[in-house]
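Structure first, commentary second.
What follows draws every value from the coordinates through simple rules; no lab data is involved. Note that the structure is predicted; figures quoted are calculated from it, not measured. All Cβ positions, even for glycine, are placed from backbone atoms using ideal geometry, and neighbour counts span all protein chains on display.
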């Protein structure tokens, strides 16, 4: 029984050793700096895309607001003058 536990422990250690051995080495300070710069470049690009998208949404919302105002004015005119609908 004792030899079976020892054999199981040795088998487990041999099976898990390659997993630990395959870990990449820690990054050097220069590699960390390069990675941080790359992440900042991606974040800057994503920020620009979001700003552009937000600008597009804002412009469409302003256009829709103007259309809504125009339609509200037309509806108000139609309610005030029932004969205006027949003339158009």
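Okay, here's what the table says:
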item: Efficiency of FRET from Cβ geometry, residue 51 and residue 28, R₀ 30 Å, rounded to 0.05; result: 0.30
item: Debye intensity ratio I(q)/I(0), log10, the stretch 29-88, q values 0.14, 0.16 Å⁻¹ (C-alpha model); result: -0.63, -0.70
